[in-house]
Amino acid sequence: MLAQAQKGPEQEASYNTLYNNAAYEIHSGNRNRAQQLLGQLEQTPPAHAGAWLDVALLYCQNGQNEDAERLFQLIENRFAPPHPIRQLISYYRQGRCNPRPPPISFSVSTYAGHTTNVNSGPDTSTIRLAPTAPLTELKLLPSNLAHSDQYLGMDLAASRKLDLDGIDGLQMLGLAQLKRYAHNPDFSTAQIVGGLGYKRRLQQGEWDMQVYYSHLVMGSRTFETSTNLQTGIWQKGPDLGGKPFRWGMDALLSSQRYPDSPLYNASRVELRLKGQVMLVPGGNLVLQGGPVFDRPHNDNRPGGNRKGYVVALGYDQHHGPEHQWSVYAQRQQLDDDRPYNTVFFGEVIRKPITHQFVARYQYNRTRREHIFVQFTAQQISDPIDLFAIKSQNLSVGYLWNF
């Protein structure tokens, strides 16, 4: 039988550590490790009904419904829980606990939307050329300008936990994305991504890594393939004005190939510092930024090497279990190190600046079914008019988690 005891400072610290570690393992999908920690957590033991309820709800999140019910009964029989706790127990007894997850989990989303620039075309039909160019200006055909279109899309994401001796947190990852345009099928896309992911608990944070391959088809031809390594860490930091804060670093290494345009094959490195602060319960602000380096595999690529930076600011907010919304803004600048084309554009060196904004609202009908609306805007400023592009996208969709 579980004993009731008053905890001293050392016991309290041990209980908090076990609780935080168990919550982390559940969030990371390491159910077996979480089950071990929850068993240890019960032996601490909690000294009041609220603490017992915290453990019971962790059992719920981990899919251990029978253990959660056992603690619900213990709370009711041993304590005289106040009305809010009795209400919460009743709520979770009505099928609100998570089922034990299968080895394979996946999600499917379908959506429809409208874009103002399906072909990434410029807004202007007149492209200014250098005074020394054979022509004073270049007139684009109407088909080369920005065109709007409607689209349908479907995304399928899947993951499978790999149970290897001595390795916890390893997963196989897969993603398939399809987007079909109504009037411009040559710009319809299909993408397949596959790889491995790994997540590990640190003393006061976490470390994750992904290795994956991507294959993108546009129309009926392969447009791009890439091999990627992405890794990052989070570490707990000092509170900012009483608000929980953590900081970390990310790194991305990517090799990109274009079968129809091998001149543009390149390797890319992105390094970022990041920080996150919880401004209000359920509301997190994230700021990140760092250098970007892009080196071509062929020395003849127009513009040569590129280097620059990216900075981004994001905020997400949960309003109860049903409503959540997020906004994200990013600025990126990549400067060439030599003129793009001296014949037509003289000594102009490209320094494109890309601004991107994303806003998303999601309504959670159930734990597995979600409705979302998303708006995306992008603007690229470039000293060469041909590459100055604007686009907006609005989509509505439905997401299922299995």
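The values are calculated or read from the model by the stated rules, or taken from the named source; none is laboratory data. Predicted, not measured: the structure shown is a model, and the values here were computed from it. Positions of Cβ are backbone-derived with ideal geometry, glycine not excepted, and every protein chain shown enters the neighbour counts. For accessibility, only protein heavy atoms count, side chains too; no ligands or nucleic acids. Shrake-Rupley method; radii C 1.70, N 1.55, O 1.52, S 1.80 Å.
Do we find a residue being under 30 Å from D163 (Cβ atoms) and of a type in the set (S, T, N, Q) anywhere in segment 121-130? Don't jump to the end; show me each part of the working.
Going through segment 121-130, the residues under 30 Å from D163 (Cβ atoms) turn out to be none.
Among the residues of segment 121-130, not one is under 30 Å from D163 (Cβ atoms) and of a type in the set (S, T, N, Q), which makes the answer no.
Only residues that are out of contact with any strand residue (DSSP E or B) (no Cβ under 8 Å at 6 or more places or on another chain) and either over 27 Å from R180 (Cα atoms) or not in a loop (DSSP other than H, G, I, E, B) (or both): list them for segment 137-165, please.
Filtering segment 137-165 down to residues out of contact with any strand residue (DSSP E or B) (no Cβ under 8 Å at 6 or more places or on another chain) leaves 141-145, 147, 163, 165.
Listed by number, the residues that qualify are P142, S143, N144, D163, D165.
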Which of (1) under 25 Å from G219 (Cα atoms); (2) basic (K, R); (3) buried (at least 16 other Cβ atoms within 10 Å of the Cβ) is the odd one out, the single condition R180 does not satisfy? (3)
If I filter segment 307-328 for residues that are surrounded by fewer than 16 Cβ atoms within 10 Å (Cβ to Cβ) and more than 30 Å from Y363 (Cα to Cα), do I get at least one hit? yes
Number of the condition not met by S109 [criteria: (1) assigned to a helix (DSSP H, G or I); (2) surrounded by 11 or more Cβ atoms within 10 Å (Cβ to Cβ); (3) modelled with pLDDT of 80 or more; (4) not charged (D, E, K, R)]: (1)
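Being over 17 Å from R306 (Cβ atoms), in contact with a Gly (Cβ under 8 Å, 6 or more places away or on another chain) and not charged (D, E, K, R) is the requirement here; does G248 meet it? Walk me through how you get there before you give the answer.
Values: over 17 Å from R306 (Cβ atoms): yes; in contact with a Gly (Cβ under 8 Å, 6 or more places away or on another chain): yes; not charged (D, E, K, R): yes.
When the stated conditions are applied, G248 passes them.
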Among residues belonging to segment 238-258 that are without any contact (Cβ under 8 Å) to a residue 12 or more places away in the chain and open to solvent by 70 Å² or more (accessible area, probe 1.4 Å), point out the one that is farthest from G194 (Cα to Cα). G241
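Considering only segment 94-104, how many residues are farther than 26 Å from L170 by Cβ and either at pLDDT 80 or above or of a type in the set (G, A, S) (or both)?
Here is the first cut: in segment 94-104, the residues farther than 26 Å from L170 by Cβ are 94-97.
Then drop every residue that is not either at pLDDT 80 or above or of a type in the set (G, A, S) (or both), which leaves 95.
So the count comes out to 1.
Within the bounds of segment 191-200, is there any residue that is assigned to a helix (DSSP H, G or I), open to solvent by less than 80 Å² (accessible area, probe 1.4 Å) and in contact with a Gly (Cβ under 8 Å, 6 or more places away or on another chain)? Steps first, please.
As a first pass, look at segment 191-200 and keep what is assigned to a helix (DSSP H, G or I): none.
Within segment 191-200, not a single residue is assigned to a helix (DSSP H, G or I), open to solvent by less than 80 Å² (accessible area, probe 1.4 Å) and in contact with a Gly (Cβ under 8 Å, 6 or more places away or on another chain).
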Count, please, the residues in segment 264-282 that happen to be at pLDDT below 95 and either surrounded by fewer than 17 Cβ atoms within 10 Å (Cβ to Cβ) or among the acidic types (D, E) (or both). 5
Q235 - would you say it is in contact (Cβ under 8 Å) with a residue 12 or more places away in the chain and under 25 Å from S214 (Cα atoms)? no
Which residues, counting only those in segment 64-75, are under 19 Å from R367 (Cα atoms) and either open to solvent by 10 Å² or more (accessible area, probe 1.4 Å) or more than 34 Å from the chain's Cα centre (by Cα) (or both)? Q64, N65
Among the residues listed as Q362, Q392, the single one being outside any loop (DSSP other than H, G, I, E, B), surrounded by 16 or more Cβ atoms within 10 Å (Cβ to Cβ) and not hydrophobic (A, V, I, L, M, F, W, C): Q362
Criterion first (open to solvent by 70 Å² or more (accessible area, probe 1.4 Å) and more than 22 Å from the chain's Cα centre (by Cα)) does H355 satisfy it? no
Given the residues L57, L53, L37, which is the only one that is of a type outside the set (G, A, S), over 30 Å from S159 (Cβ atoms), at pLDDT 70 or above and assigned to a helix (DSSP H, G or I)? L53
First in segment 147-167 and more than 29 Å from L196 (Cα to Cα) and open to solvent by 40 Å² or more (accessible area, probe 1.4 Å), second anywhere and assigned to a loop (DSSP other than H, G, I, E, B) and modelled with pLDDT of 95 or more, Cβ under 6 Å, 6 or more apart: H147/V118; H147/N119; S148/T116; Q150/A182
Among (1) in contact with a strand residue (DSSP E or B) (Cβ under 8 Å, 6 or more places away or on another chain); (2) open to solvent by less than 50 Å² (accessible area, probe 1.4 Å), where does G346 come up short? (1)
Pairs, please: C-beta under 7 Å, at least 6 apart or cross-chain, first residue under 13 Å from E42 (Cβ atoms) and in segment 56-73, second at pLDDT 80 or above and of a type in the set (S, T, N, Q)? none
